[in-house]
Amino acid sequence: MKRKEFKENLFLALDNDIDDISYDEKMMLVHSLLVDYEKENEEKRDTSKKRAKWTDEELKVILSDAPTKENCVKYAKIFKRGYGSIEQIYRWSLTAMKDMPDERKEDSFVQQVKKVAKELGIRG
């Protein structure tokens with residue numbers, strides 16, 4: 001399929017009414033669905049840095065932004081990582097040490113995330 005044909009088909013689909021929702025609500029739904037699509041199709045993009053060590057600077061960039069699905073996808077693409085690792089960074093930064101499983105409390109990655117989160121003033 002050529003790009004022009006794809007665009008026309010997509011626009012036709014977007015012109016459909018959805019359960020009496022407004023145009024703005026429909027655009028929010030479309031955006032949310034695109035984020036879900038990217039999340040579910042992660043194997044189609046470059047994830048060459050999966051399982052590589054994180055730098056403090058990378059963690060600071062991630063933790064300086066809100067923990068949303070959209071940001072998890074955005075940073076997974078930027079850093080060539082998996083969606084789950086970004087989600088995990090947010091989770092560990094916000095989880096109190098007393099609430100963590102014992103085996104995670106000594107994990108170097110968790111300790112690195114907690115250190116960076118503390119530097120940024122994130123309480124967890």
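The values are calculated or read from the model by the stated rules, or taken from the named source; none is laboratory data. Since this is a predicted model, take the numbers as computed values, not measurements. With ideal geometry, Cβ positions are generated from the backbone for all residues, glycine too; neighbour counts draw on all protein chains shown.
Figures for the structure shown
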| quantity | calculated |
| --- | --- |
| G121 vs. criteria surrounded by fewer than 16 Cβ atoms within 10 Å (Cβ to Cβ), not in a helix (DSSP H, G or I) and not charged (D, E, K, R) | yes |
| Search result, residues across the stretch 73-100 that are on the phi < 0 side of the Ramachandran plot and outside any helix (DSSP H, G or I) | F79, R81, G82, T95, A96, M100 |
| Exclusive hit being charged (D, E, K, R), surrounded by 10 or more Cβ atoms within 10 Å (Cβ to Cβ) and part of a helix (DSSP H, G or I), set D36, D65, D24 | D36 |
| Only listed residue being within 30 Å of L10 (Cα to Cα) and assigned by TED's automatic domain parsing to the domain that holds L10, chosen from V73, V30 | V30 |
| Single match in D36, D20, D24 (criterion: among the charged types (D, E, K, R), in contact (Cβ under 8 Å) with a residue 24 or more places away in the chain and more than 30 Å from S108 (Cβ to Cβ)) | D36 |
